[in-house]
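**Q** Handing you a structure now.
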Amino acid sequence: MGIELRNVSKFNEGVQYVEDLDLSVEDGTFLAVVAPTWTGKTTLLRVIAGIQPPDKGKIFVDGEDVTGVHVRNRKVAMVYQQFINYPSFTVYENIASPLRVAGYSSKEIDKRVHDTAEQLKISELLKRYPQELSGGQQQRVAIARALVKEARIVLLDEPLGNLDYKLREDLRIELKNLAAEREAIFIYATPEPIDALAMASHVAIMHDRQILQYGEMQDVYLRPTHMKSGEYFSDPPMNFFNGHVSDGYAAISDDFKIPLSAMEVDLPEGNYMLGIRPHHIEVLENGSTEDTVNLNAVVELSEIVGSDTTLHLSHRGLEFIALSRSLELFALDETIRVSLNPRQIHVFDAQNQQIISNAAAAR
Amino acid sequence: MAKIELVNVSHSYTPGEYAVRDINLIWDDAVSSALLGPSGCGKTTLLKIISGLLQPTEGDVLLNGQRVNELRPKERNIAQVFQFPVVYETLNIFNNLAFPLRNRGYPESIVKERVREIAELLELTDQLKVNANSLSAAEKQLVSLGRGVIREDLSAILLDEPLTVIDPHQKWQLRRKLKQLQQRFEITMIYVTHDQHEALTFADQVTVMDTGIALQTGSPQDLHNRPEAPFVGYFIGSPGMNIFPASLNENQVQAGDFCYELVSDLVNQVNGQDLKIGIRPEFVEISQAKDSTGLECIVDAVHLTGTSKILDLVGAGLKFKARVDETANINAADTVRAIFPTEKTMIYQNDRLLAPVQQEILL
């Protein structure tokens, strides 16, 4: 049981956002569709919801072809980035509205509205109007309205995008718990890796109008099959270095060569793309350690993000990012020494960008 | 450039309700500083009081020691940069940058020299003849910034969420430019934002505000390592600080099964009213060894951040979070032991920091 998309294509205003896309989502899944903005995530969600029919291909829910079925006749609910509530309705009536349309009894409506409001911590706001609420509260109302009807599929299109980071932190945990209590399939579109990491059971990386990689969340994170997976599902994005392999070394520049033995891979001579996540590049206090490759880097900017520090670095024209799990501020243009953990390097084909070795993930 | 002081400043828009209260703050000449807090905390009111758009109902604004309450914005020589870039669309970049100087009758030779200097720093030299209406949002904001700093007789620049409309991938480059400008011209800059990332990255001196009160002013490290109010602990850092209600039994402060002996003069400061204990998730020490010290906890859930694991822990009569390395082999339902290192554990009374804990006693 679940959702299946077969060979789905969709144009919007002359632009093709989805092309020959296949996707199969099983029951109990919290799927995060991860991709940058303007890459077709919203179109995909609208097609799954039935708001727009696909131009080509078929959609099945629980084995039944629903391709031509209108959104009203499907058990779907959707939450958007923009908080959408009826301004002239109270919070209570906003949450109740899908139940009224579906013809529930007022007793049942009352019970469900109160239960859902409690889950979203908005019980005290039921008599208020949307314009009296903060952005975070308004989005809670919109989420409550989506969840109140026990939809088969809940689609969320960057619902936390307009909220500040402390609210996002709280709502991620709540959404994960709310989803766990329900039988619905959740599909959550986002450009933010942290959303997927915090909530999703499965991840689909969308690129070039198709699903580039699909799998269990941790597996997609640890084993990117394509450079774009590493780039999109990593915050900051995975760093990529052009490396030429010969004589047992991967040379990134004249004075920066990584022994293949340290990377624990065997590669034929040639050009590769070496991918490493920012937190596997470490700032050294002094000297070098045996199993790492060290290089000098100039700090373009150090930024505090949460309880971590992101360092924008350059080394002879190569730009890359390191992430330190503490607060470390450096002056602009200060030279520091960093080490790349060679065992955490993912090797990609320099031409087709496909993975060659995820040796890093084996550990 | 100038030193700015607020002395006992309070402001109320409606009698009896304070938007900001008892503010005493000093910005030394050439400091890079930020006012940080959630929406409605009073930071924009404070900004207007500094710029002269608003006269405080109580207290004084001093510029270089001189009271300037009655001076209008123009007379204070304070420039402002807003969320949305303000450029003259019909003028090219050169004439945009030159505008504030020509407006004040500077000779054209100085105008040219100054514009070239600023343009070089902002990397706009090649585009000086380009019309402003063809620029991206980021470029327009750069021009706004440049126009803000171009006058040498400026007292200070106030920046009000200046990166809101900038594409996320371009933000760090703008942040770097901003810091470069600040350091090169030694400008007093006050940056107002709700975003801790922006504030901590830009400023050497950050003031955290909530409900009209300035809770703490300090370096990013001060705010992180020694939050002087529970709200600062919550608002700075991700996830925020764990805060527990605590009770006083003779000379011992207790939260759950964590118990601390109050040492020396601290005893006299504690009256037991609204006591709280706070510790950051990254400072909690977790051990999986059975014979290790620390209090026994059950792992309720494990959240991934991509670089670390965040544990939800239940035990010792408390619920709290701890951050561990991504490689830690800890799963839900595991039993672990937790230690709150004394120097990283804070005692709060009436929402003010008394001191870090000095001595732990095991019950």
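**Q** Yes or no: the stretch A:197-218 includes at least one residue that is surrounded by 22 or more Cβ atoms within 10 Å (Cβ to Cβ), polar (S, T, N, Q) and within 14 Å of chain B (Cβ to nearest Cβ).
**A** No, the stretch A:197-218 contains no residue that is surrounded by 22 or more Cβ atoms within 10 Å (Cβ to Cβ), polar (S, T, N, Q) and within 14 Å of chain B (Cβ to nearest Cβ).
**Q** Please state which of the following conditions B:SER287 fails to meet, knowing it meets all the rest: (1) closer than 27 Å to B:ALA214 by Cβ; (2) surrounded by fewer than 18 Cβ atoms within 10 Å (Cβ to Cβ); (3) of a type in the set (Ser, Thr, Tyr).
**A** The single condition B:SER287 does not satisfy is (1).
**Q** Give the residue that is nearest to A:THR29 (Cα to Cα), with candidates limited to residues of the stretch A:1-16 that are of a type in the set (D, E, K, R) and surrounded by 12 or more Cβ atoms within 10 Å (Cβ to Cβ).
**A** A:GLU4
**Q** Right, another one. When both residues are 6+ apart or on different chains and their Cβ atoms are under 9 Å apart, which pairs have a first residue that lies in the stretch B:228-240 and is touching a residue at least 24 places away in the same chain (Cβ under 8 Å) and of a type in the set (Phe, Trp, Tyr), and a second that is in a helix (DSSP H, G or I) and surrounded by fewer than 23 Cβ atoms within 10 Å (Cβ to Cβ)?
**A** From the stretch B:228-240, the pairs are B:PHE235/A:LYS166.
**Q** Let me ask something else about it. The conditions are (1) without any contact (Cβ under 8 Å) to a residue 40 or more places away in the chain; (2) over 18 Å from B:ARG323 (Cβ atoms); (3) polar (S, T, N, Q), and B:THR217 fails exactly one of them. Which is it?
**A** (1)
**Q** Scan the stretch B:315-328 residue by residue and report those that are in contact (Cβ under 8 Å) with a residue 24 or more places away in the chain and surrounded by fewer than 13 Cβ atoms within 10 Å (Cβ to Cβ).
**A** Correct list: B:GLY317 only.
**Q** What number of residues within the stretch B:204-220 satisfy the criterion of being buried (at least 21 other Cβ atoms within 10 Å of the Cβ), within 12 Å of chain A (Cβ to nearest Cβ) and either part of a loop (DSSP other than H, G, I, E, B) or hydrophobic (A, V, I, L, M, F, W, C) (or both)?
**A** Of the residues in that region, 1 qualify.
**Q** Taking the residues in the stretch B:221-236 that are within 14 Å of chain A (Cβ to nearest Cβ) and in contact with an Asp or Glu (Cβ under 8 Å, 6 or more places away or on another chain) as candidates, determine which candidate is farthest from B:GLN183 (Cα to Cα).
**A** Among residues in the stretch B:221-236 that are within 14 Å of chain A (Cβ to nearest Cβ) and in contact with an Asp or Glu (Cβ under 8 Å, 6 or more places away or on another chain), the one farthest from B:GLN183 (Cα to Cα) is B:PRO230.
**Q** Please return the ranges of helices (runs of 4 or more DSSP H) entirely within the stretch A:73-191 where 3 or more residues are crowded, with 16+ Cβ neighbours inside 10 Å and in contact (Cβ under 8 Å) with a residue 40 or more places away in the chain.
**A** A:91-101, A:135-147, A:165-180
**Q** Hey, another quick one. Consider only pairs whose beta carbons are under 7 Å apart and that are at least six residues apart or on different chains; among these, list those whose first residue lies in the stretch A:55-66 and is over 20 Å from A:PHE186 (Cβ atoms) and whose second residue is exposed (fewer than 14 other Cβ atoms within 10 Å of the Cβ).
**A** If the second residue must be exposed (fewer than 14 other Cβ atoms within 10 Å of the Cβ), the pairs left are A:LYS56/A:ASN7; A:GLY57/A:ASN7; A:LYS58/A:ASP65.
**Q** Sort out which residues of the stretch B:57-83 are touching a residue at least 24 places away in the same chain (Cβ under 8 Å) and more than 30 Å from B:LYS140 (Cβ to Cβ), and write them in order of number.
**A** Within the stretch B:57-83, B:THR57, B:GLU58, B:GLY59, B:ASP60, B:VAL61, B:LEU62, B:ASN64, B:GLY65 meet the criteria.
**Q** Quick one: in the stretch B:305-321, of everything that is hydrophobic (A, V, I, L, M, F, W, C) and touching a Gly at 6+ places or on another chain (Cβ under 8 Å), which residue is nearest to the other protein chains (Cβ to nearest Cβ)?
**A** That would be B:LEU318.
**Q** Given the condition closer than 21 Å to A:ASP195 by Cα and within 26 Å of the chain's Cα centre (by Cα), answer yes or no: does some residue in the stretch B:278-290 qualify?
**A** Looking through the stretch B:278-290, at least one residue is closer than 21 Å to A:ASP195 by Cα and within 26 Å of the chain's Cα centre (by Cα).
**Q** Continuing with the same structure: Within the stretch A:304-319, can one find any residue that is more than 19 Å from B:GLN196 (Cβ to Cβ), within 12 Å of chain B (Cβ to nearest Cβ), small (Gly, Ala, Ser) and crowded, with 16+ Cβ neighbours inside 10 Å?
**A** Within the stretch A:304-319, not a single residue is more than 19 Å from B:GLN196 (Cβ to Cβ), within 12 Å of chain B (Cβ to nearest Cβ), small (Gly, Ala, Ser) and crowded, with 16+ Cβ neighbours inside 10 Å.
**Q** Go through (1) in a strand (DSSP E or B); (2) within 14 Å of another protein chain (Cβ to nearest Cβ) for B:PHE244 and report which single condition fails.
**A** Evaluating B:PHE244 over (1) in a strand (DSSP E or B); (2) within 14 Å of another protein chain (Cβ to nearest Cβ) leaves (2) as the failure.
**Q** Say whether the condition of being in contact with a helix residue (DSSP H, G or I) (Cβ under 9 Å, 6 or more places away or on another chain), β-branched (Val, Ile, Thr), surrounded by 21 or more Cβ atoms within 10 Å (Cβ to Cβ) and not in a strand (DSSP E or B) is met by at least one residue in the stretch B:273-282.
**A** Checked against the condition, which is being in contact with a helix residue (DSSP H, G or I) (Cβ under 9 Å, 6 or more places away or on another chain), β-branched (Val, Ile, Thr), surrounded by 21 or more Cβ atoms within 10 Å (Cβ to Cβ) and not in a strand (DSSP E or B), the stretch B:273-282 yields no hits at all.
**Q** Could I ask something else about it? Yes or no: A:GLU269 of a type in the set (Asp, Glu) and under 28 Å from the mean Cα position of the chain (by Cα)?
**A** No, not satisfied.
**Q** Right, here's the next one. Please work out if B:PRO239 is within 19 Å of A:ALA331 (Cα to Cα), touching a strand residue (DSSP E or B) at 6+ places or on another chain (Cβ under 6 Å) and at the interface with chain A (Cβ under 9 Å from one of its Cβ atoms).
**A** So B:PRO239 does not fit the description; no.
All of the numbers you see were taken from the coordinates with simple rules; none came from a lab. Values in this document were obtained by computation on a predicted structure and should not be read as measured data. Quick reminder, even Gly has a Cβ in these numbers, built from the backbone with ideal geometry, and neighbours come from all protein chains shown.
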